[in-house]
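Comments concern the structure below.
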Amino acid sequence: MFSRLDLEERIKKLYEIDDITPMMKTQIDRFIRTDGMSYRDIARALAYFCVILGNKPELKFGIAIVPSVKEAANAFYDEKARQIKKQEADVARKKLKNDNNIIICKTVSTKRHKENKIDLSVITGEDTDE
């Protein structure tokens, strides 16, 4: 859960200040009460504006930029979350595929032998590190 203290710490870091201004506190309260934003929404919008877009925030305006970039920030971070889930699914699918490429061969013999394993990716020339 993202708290107000987390938000204030994030603001201090982004604006490179020791304490947030009274104007910023008022803006946070207004965004929460009247605009229905969460602390996480505000932090996402500020991070998007400062870090992703590379803008330098101006202290004299406080965090007034938040409502303007909130929708774009949420869309950006939601897309990032979708990409991460897709990558995790791809990795799991490739791991399953690579696990299925090993065949255990049992030989019929009177001597005791170890089970021989054949890696099919070596035969087919597939790269298993992907």
Residue in the range 32-39 that is within 10 Å of Ile63 (Cα to Cα) and part of a helix (DSSP H, G or I) present: no
Give the residues of the range 7-25 that are within 18 Å of Pro67 (Cα to Cα) and either part of a loop (DSSP other than H, G, I, E, B) or without any contact (Cβ under 8 Å) to a residue 24 or more places away in the chain (or both), sorted by residue number. Glu8, Lys25
Give the number of residues within the range 44-69 that are aromatic (Phe, Trp, Tyr), under 17 Å from Glu16 (Cβ atoms) and crowded, with 19+ Cβ neighbours inside 10 Å. 1
In the range 26-43, which residue that is touching a residue at least 12 places away in the same chain (Cβ under 8 Å) and either in contact with a Leu (Cβ under 9 Å, 6 or more places away or on another chain) or small (Gly, Ala, Ser) (or both) is surrounded by the most Cβ atoms within 10 Å (Cβ to Cβ)? Ile42
Can you name every residue in the range 4-49 that is over 17 Å from Ala73 (Cα atoms) and within 19 Å of the chain's Cα centre (by Cα)? Asp6
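Here, each number is a calculation from the coordinates, and none is a lab measurement. Owing to the predicted nature of the structure, the values given are computational and were not obtained by experimental measurement. Using ideal geometry, Cβ is built from the backbone for each residue, glycine included, and neighbour counts are taken over all protein chains shown.
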